[in-house]
Amino acid sequence: MKQPLQAALGPLGEPGPPPKPRGMARLRTYFLTGLVVAGPVAITIWLTMWLINLIDGWVKPLIPPAWNPNSYLPVAVPGVGVLAAVLGLTILGFLAANLVGRSVVQTGEQVLDRMPIVRSLYKGVKQIFETVFKQDGTSFRRVGLIEWPGPGMWSLCFITEPARGALAAGLPGPGHICLFVPCTPNPTTGYLVMMEASKVTEIGVTTDEAFKLIMSMGIIQPPEIAAAPETPQLPSDGRPASPVAAE
């Protein structure tokens, strides 16, 4: 028993290096290494092509044949619909930014405002787009931690907007904010939670890092987490306090 024990230990009695894998174990290691390298690349390419083909299927029928390269090229060119959509949306935004474009948009909204069902749908979708994509907004740009769904259990949340109007009036006490608590591993589904701002701990994690953490079920951790300010760090209106006010 002395010789096997001495072989397993180093010269100073320390554990020696682990035995090298042989045969099938080495092939399994090579296969898993190749899978780790090729898997993310393949999935990224597949998702990108799926999105390009989806947009092309929507936009290509709207392109005149004279402007569509696929009409006179021997092979189909992917991404033509994507480029046309980007160009069209840019031109539409330019036209809607001037006086004539705003007049046309207002006329169209007045027409939609007379349709009972379409009116509510259009206003709701428009408000969501304006809130999420406005450049000076903070919706879904701040990540927090809340003690939810029970004591001692913490969940990531995205801070959306402070509770206002009838919603704020129906909540007990002032200072409530709306939070979106995503589900794992699909963050597009989740729960809308109204909570007091003093019970929300904002953390130094970007939305991209939060999405990676949720979709990986906690495997991909954020590289760095900035120290969160002491609670309550959110004022009653749900917006971050200014450094001047803190002094």
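Each reported figure results from applying straightforward, stated rules to the coordinates on display, with no laboratory input. Note that the coordinates shown come from a computational prediction; the quantities given were computed from them, not determined experimentally. A quick note on method: Cβ atoms are made from the backbone with ideal geometry, for glycine too, and the neighbour counts reach across all protein chains shown.
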### Gain on full stretching of the segment that runs from VAL100 to SER198 - 0.36 nm per residue minus C-alpha separation
30.6 nm
### Task
Mind pulling the per residue volume of the convex hull built on the Cα atoms of region 20-59? Å³ is fine.
38
### Task
Report, by chain and number, residues whose modeled amide H sits under 5 Å from the one on PHE140, excluding near sequence neighbours (fewer than 5 apart, same chain).
ILE159, THR160
### Query
Tell me, in nm to one decimal, what length is gained between TYR30 and ASP113 on full extension, where the rule is 0.36 nm per residue of separation less the Cα-Cα distance?
23.6 nm
### Query
Of the chymotrypsin sites (Phe, Trp or Tyr not before Pro) in region 72-151, which ones lie in a loop per DSSP and count no more than 14 other C-beta atoms within 10 Å?
TYR72
### Query
Can you list residues whose amide H is under 5 Å from ALA163's amide H, if they're 5+ apart or on another chain and H is modeled 1.01 Å from N?
HIS176, ILE177, CYS178
### Message
Could you give the length gained by full extension between LYS60 and LEU167, i.e. 0.36 nm per residue of separation minus their alpha carbon distance, to one decimal place?
### Response
34.2 nm
